[in-house]
């Protein structure tokens, strides 16, 4: 039976960090349910495009509309094999939702695979599940990781590195997609043959 993956998103989730993993995980045969608190299947979240254009931080532009395909209120985390937490602006308020935090705690403590990218790691820090774990994220999230008891994996200059600690795969931003998704697929037990 194909694995089921839960993806928690919200308005102004980073465009590439939601679209690319959603499409790639479906491409390899998984069922992926994208949900958002307060929204239902068929509704959309707005995305933001974050880019690295030589400024001291990323720039932000309006992205696409991303259509949800499941209802957040009906989700039971035990029905899923893994969790994906995209970045962007959404994690800063999603981490205030008690049900989101309960779901994240369930996935991490049950040992199910969790992939978080960029600011998505803010949800992990808010859930208080990263003590003594090695993680990476967008560099502005480093203080939160350290304050939550996690260990910081340095970000390389191209934002393409990943950090794997047990069932958690993290990366700093969308340029790391090839390695981040590869490591997540490995943890899921996916075998891809050329």
(message) Quick check on my filter: what residues within region 155-180 are part of a loop (DSSP other than H, G, I, E, B), at pLDDT 95 or above and surrounded by fewer than 17 Cβ atoms within 10 Å (Cβ to Cβ)?
(response) 166
(request) Return a yes/no flag: does region 50-68 have any residue that is under 12 Å from residue 6 (Cα atoms), touching a residue at least 40 places away in the same chain (Cβ under 8 Å) and surrounded by 13 or more Cβ atoms within 10 Å (Cβ to Cβ). (result) yes
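Within region 120-136, how many residues turn out to be closer than 24 Å to residue 50 by Cα and without any contact (Cβ under 8 Å) to a residue 40 or more places away in the chain? Steps first, please.
So in region 120-136, the residues closer than 24 Å to residue 50 by Cα come out as 120-126, 135-136.
Filter again for without any contact (Cβ under 8 Å) to a residue 40 or more places away in the chain, leaving 122, 125-126, 135-136.
Of the residues in region 120-136, 5 are closer than 24 Å to residue 50 by Cα and without any contact (Cβ under 8 Å) to a residue 40 or more places away in the chain.
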(request) Filter region 128-147 down to the residues that are touching a strand residue (DSSP E or B) at 6+ places or on another chain (Cβ under 9 Å) and part of a loop (DSSP other than H, G, I, E, B), then identify the one that is surrounded by the most Cβ atoms within 10 Å (Cβ to Cβ). (result) 136
(message) Being more than 12 Å from residue 181 (Cα to Cα) and buried (at least 20 other Cβ atoms within 10 Å of the Cβ) is the filter here; which residues of region 19-43 pass it?
(response) 32, 33, 34, 35, 36
(request) Taking residue 88 as meeting all but one of (1) buried (at least 20 other Cβ atoms within 10 Å of the Cβ); (2) on the phi < 0 side of the Ramachandran plot, write down the number of the exception. (result) (2)
(request) Go through region 119-144 and give me each residue that's closer than 14 Å to residue 155 by Cα and out of contact with any helix residue (DSSP H, G or I) (no Cβ under 6 Å at 6 or more places or on another chain). (result) 134, 136, 139, 140, 142, 143
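The values are calculated or read from the model by the stated rules, or taken from the named source; none is laboratory data. These figures come from a predicted structure and were not determined experimentally. Positions of Cβ are backbone-derived with ideal geometry, glycine not excepted, and every protein chain shown enters the neighbour counts.
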